[in-house]
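Structure, as structure tokens:
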Amino acid sequence: MTTPITHASFSLERKLNAPVSRVWSAFADYGNKKKWFVGPEEWAQGESSLDFREGGSETDSGGPEGGFVSTMKAVYHDIVENQRIVYSYEMLLDGERMSVSLSTIEMEADGEGTRLTLTEQGAYFTDEDHVEGRKEGTEGLLDALQAFVEGS
């Protein structure tokens, strides 16, 4: 019997001490994104690409040396500069699809900083990939984003 699909969503909000333009550039510029959108230190980097435009795609893969390979494949659906990014993505583990998600990143000026809201709606196909782990991983990426845009 196959594992039933689990549907779940979450929202995360961050106040970043950086202007919207800097936060935007952290997502839109490949060189900037590679500085914060990475796996744990012990992971080896695999395939990576970014075509940041509506209809464009992104791929990022990696994993522990000699271990599993985690792959994210995204398609950008709606991009409004300095305001929002809407994309869908699938996560694969050793080539097997684990989940498919729709994500929205919203940015707005908050004083001299930026209020970032990330909302994700996911369909999880395996017991290994679930919303609690995805939320935790996304929080870690937002920590890395915050450190990057705030210059720490």
Relative contact order (percent, whole number), the chain, Cα cutoff 8 Å, 6+ residue spacing = 29 percent
To the nearest 500 deg cm²/dmol, what mean residue ellipticity at 222 nm is calculated for the chain from DSSP H runs of n ≥ 4 alone, each contributing -39,500 (n - 2.57), summed and divided by the residues?
-> -7000 deg cm²/dmol
Find how much the distance from Trp43 to His7 grows on full extension, using 0.36 nm per residue of separation minus their present alpha carbon separation; answer in nm with one decimal.
-> 10.1 nm
Under a cut-off of 16 Å between alpha-carbon atoms, report the lysines in cross-link reach of Lys34, not counting same-chain residues fewer than 8 places apart.
-> Lys73
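In nm, what is the difference between 0.36 nm times the number of residues separating Tyr30 and Asp51 and their Cα-Cα distance? Kindly include the intermediate steps, with their values, before the conclusion.
Values: separation 21, 0.36 × 21 = 7.56 nm, distance 0.84 nm.
Between Tyr30 and Asp51, full extension yields 6.7 nm more.
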Simple SL model, points at 7 angstrom along Cα→Cβ for Glu65 and Glu81; separation in nm is 4.3 nm
Working from Cα positions, state the angle (0 to 90°, nearest 10) between the long axis of helix 131-149 and the longest principal axis of the chain.
-> 30 degrees
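Once you sort the root eigenvalues of the Cα gyration tensor of the chain as a ≥ b ≥ c, which label holds: rounded (a/c under 1.5), prolate (a/b larger than b/c) or oblate (the other case)? Spell out each step's value before the answer.
On the way: a/c = 1.74, a/b = 1.45, b/c = 1.20.
In terms of gyration-tensor shape, prolate.
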Mind jotting down the distance between the C-alpha centroids of segment 39-72 and segment 88-142, whole Å?
-> 14 Å
Checked segment 1-53 with the C-alpha gyration tensor, a ≥ b ≥ c its square-rooted eigenvalues, rounded below a/c of 1.5, otherwise prolate if a/b is larger than b/c and oblate if not; verdict oblate
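Readers should treat all values here as calculations from the given coordinates under stated rules, not as data from a laboratory. Note that this is a predicted model, so its numbers are computed, not measured. A quick note on method: Cβ atoms are made from the backbone with ideal geometry, for glycine too, and the neighbour counts reach across all protein chains shown.
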